[in-house]
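This report refers to the structure that appears directly beneath it.
The values are calculated or read from the model by the stated rules, or taken from the named source; none is laboratory data. Just so it is clear, the model here is predicted, and its values are computed rather than measured. All Cβ positions, even for glycine, are placed from backbone atoms using ideal geometry, and neighbour counts span all protein chains on display. To get the accessible areas, we keep the full protein, side chains included, count just its heavy atoms, and leave off ligands, DNA and RNA. Shrake-Rupley method; radii C 1.70, N 1.55, O 1.52, S 1.80 Å.
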Amino acid sequence: MHRSLWLLWGIGLAVAVGLTGWRWQIERRDRTVALVVDGMEVRLLQALTGDLEKVLESLRTAGATAVAVSPETLHDWAQIGRVTIVSHRPPLLAASSRQPLDRLRESFQRQWQQVLPPPHREGGQWLLPLPSEAVLQSPLPIGLDQELAEGVRRSGLGVVARLPNPTGLTEHSLRFWMDEVRRSGAFAVLFEGEEVLGYRTMLPQVAQALKELGVLVGILELTTQKGDRTLGQLVSERVVRVHSTSLRELPNFTLPELTDRFSRAVRERRIRLCYVRFPSHLKGNPLQTAADYLSALRRELRRHAFEFGQPRSLPAVVASPLLWGTVWLGTVALGVAFLALFVPLTLGQRWALTALAAIVGLALRLVSPLWAAKIAAFGTAVMAPVLALWIGYRQTLDSGSRWRRTMKGLMACLAFLLACGVMEGALLFDHRFWLKVDEFAGVKLSQLLPLLLVLALNFSQWWETSELPWRERFLVAHENFRAFAEAPIRWGQGLLLLVGLSLVAYWLMRTGNEPSVGVASWELKLRALFEDLLIARPRFKEFLLGHPALVVAFFFLTGTPLEAKIGQWLFLPAVIGLASVMNTFSHAHTPIALSLLRTVHGMWLGVAIGLMLLWAMRRVSASRDQRVLKRQQEPLPTQTP
């Protein structure tokens, strides 16, 4: 990279460091977490104990901060005896008081514009005819459980409203549900079922109504409700991330595993609303079990300095075009340097490309800020690992002792990579990425491409021909690829290729917060151990694979030609660790301080393991040399005539 492009990159890095500090200041103030219990489970505990006030007080004392209130249906009312179905044909309801029938009549009128006749008294009951028998068979929502909401407020707990997406939603029924939320006193809303309220045609109207209501909007992680991303982008300034365990997976966890799961979600993925379902599969008094679970969860989160109450939404912060554009210019300089690895470019051509890419990027930023950020971050994630290896490799060619050149190359590679990670995080400086209502695109591809590029560099002998003229380098690369393509594939090579492809596929499936394959129990325990010791768990593929391989690779590059060739092939596992570092910073919903700490832990641990490997190799080599020397010094046996 020319000095002028280095200067441009350095200015972009300086601005990125400033944005990183700004983001850290925002995130360190966001420490309030809500522990929300399910209203249906509260009703179940009420049925078991017979005292709602006692249940709510016990849960509040144990650590609960809010209760989620769900919609009621006519079927629910019939089950608990609030209304009685007198006949199906014609459909007729009865109740001991007029109040539930009036509420049902109001719900029908406001949601579906169906005017039912007023309830009439007959004997000791109030009766209400319904329009059709289908009403008795359909799970039509009547409204939120306002009785439970009132009891929750009296107990000093907050209310979270769970909203359905009823069939035939209109402007009238939307206003009805907003009034239900307002009447319940909810500070946040969640959504029931597989769809958010208003999916698919009324999301803009729902977003506007929620903004006017001033409530937080919960978006579930690790699962998808149809329309949640779109709605989240429309109300991004009111979004709070939610973590929960489904009833199906709950029996698979012990109490410590459940608390650890929620704690990790809060610390690592910016979860600020924990939707707690009680572990009914655990034996014991149900209310006491629920209280013990909440107490354990509260202790674990308090141990990490979190507070409890109603969470606040993140401020709607976006990097200004000037600041983002400066980081983008540094990224463009990075891209031009990356291109110059493979194509001969004069200084004038490099600056022309820089100017062109800068204009295109800034124009895209004005048209679509989120896509501009995602494209820039993806490019950085792909280029940085390869450039870091190249910069480190060039340092090993300098004069000096072998260890000095090894450490010089290693430090240059890791320092450059960490700087690029900070720039990648700055390119995603937008609260919508932090809340994951939008996210980095191409996670698995950004991991695979650096590996393929390093593989191509090795096959083409691009490393060792770096001092040759461009024409000769292209000829050598062409000849190497031609020879590889024409060579027959033997059984051993085919088997090795199959094993390699399987390992790469497994690695890619394990990539991301939502991997395609599960994690072994021993690995979960090891993760928990590292989190207890280091706060931020380093990634295994960094400190156990990538960084140790990087240390050994740079050491071999400073040795004999054969060792240098081995070092180049060790770049393959090494680049997996480097790409993983960039992947860490692409997860913008993870607090930046945690990403930096995780990366630094991975680097020093990986370097330490790599140095121990070199020490062990030197000991083995020295021991072997001593045995050979000893055999050479032994006198030859004399032969008797």
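Numbers for the structure displayed
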quantity	calculated
Evaluated over the stretch 1-133, the Cα radius of gyration and Dmax, each in Å	28.6, 95
12 Å beta-carbon shell around S97, net charge (K/R +1, D/E -1)	+3
Euclidean distance between Cα centres, the stretch 338-393 to the stretch 439-474, Å	16
Carbon/sulfur fraction of accessible area - the stretch 234-304, other protein chains in place, 1.4 Å, %	50
The stretch 285-311 and the stretch 2-33: distance between their alpha carbon centers, rounded to Å	35
From the C-alpha gyration tensor of the chain, square roots of 5λ in Å	61, 29, 22
FRET efficiency, N252 to H172 (Cβ-Cβ, R0 56 Å, nearest 0.05)	0.80
Rounded percent of accessible protein surface that carbon and sulfur make up, the stretch 1-132, 1.4 Å probe	56
Segments 76-82, 401-407, 613-619, 582-588 sorted - mean Cβ within 10 Å per residue, highest first	582-588, 401-407, 76-82, 613-619
Sorted peptide list for 101-107, 120-126, criterion being average Cβ within 10 angstrom, highest first	101-107, 120-126
Kirkwood Rh and Cα Rg combined as Rg/Rh, the stretch 48-120	1.11
Trypsin sites (Lys or Arg not before Pro) restricted to DSSP loop in the stretch 1-35 with at most 13 other C-beta within 10 Å	R29
For the stretch 118-216, radius of gyration divided by Kirkwood radius, i.e. Rg to Rh on alpha-carbons	1.04
Residue-normalised accessible area of the stretch 362-495, expressed per residue, 1.4 Å probe, Å²	45
Residue-normalised accessible area of the stretch 50-181, expressed per residue, 1.4 Å probe, Å²	46
Debye log10 I(q)/I(0) for the stretch 427-490, one point scatterer per Cα, at q = 0.11, 0.13, 0.15 Å⁻¹	-0.48, -0.58, -0.65
Mean Kyte hydropathy of 0.0 or more with a Cα span along the axis of at least 18 Å, helices from DSSP in the chain	3-28, 321-340, 347-367, 369-395, 402-427, 443-459, 491-509, 521-534, 561-586, 592-633
Per-residue [θ]222 nm for the chain (sum of -39500 (n - 2.57) over DSSP H runs n ≥ 4, rounded to 500)	-20000 deg cm²/dmol
Net charge, R298 excluded, C-beta distance under 13 Å - Lys, Arg +1, Asp, Glu -1	+1
Local electrostatic count at V504 - Lys and Arg +1, Asp and Glu -1, tallied over other residues with Cβ under 13 Å	+3
Segment R154-R29, extension gain: residue separation times 0.36 nm, minus the distance between their alpha carbons	42.1 nm
Theoretical gain in end-to-end length, Q632 to E194 [0.36 nm per residue, Cα-Cα removed]	149.9 nm
Heavy-atom accessible surface of the stretch 519-617: percent carbon and sulfur, 1.4 Å	80
Heavy-atom surface of the stretch 219-267, accessible at 1.4 Å and reported per residue (Å²)	43
With DNA, RNA and ligands ignored, accessible area of Y506 (1.4 Å probe; Å², nearest 10)	110
Mean shadow area of the stretch 221-291 over all directions, Cα convex hull, nm²	5.7
Protection proxy ranking of 596-607, 198-209, 413-424 - average other beta-carbon atoms within 10 Å, highest first	413-424, 596-607, 198-209
Considering only the chain, percent of DSSP beta bridges that pair antiparallel, nearest 5	35
FRET efficiency, 1/(1 + (r/R0)^6) with R0 25 Å, evaluated for V317 and A593 via beta carbons	0.95
Set of lysines near K408 by C-alpha distance (under 25 Å), chain-local residues within fewer than 8 positions excluded	K541, K565
Spin-label proximity, A487 to the stretch 554-573 - amide N less than 18 Å from point 7 Å beyond Cα toward beta carbon	562-572
The chain: relative contact order as a whole-number percent, Cα under 8 Å and 6+ apart	14
Sites T201 and L544 - FRET efficiency at Förster radius 41 Å, r taken between beta-carbons, to 0.05	0.25
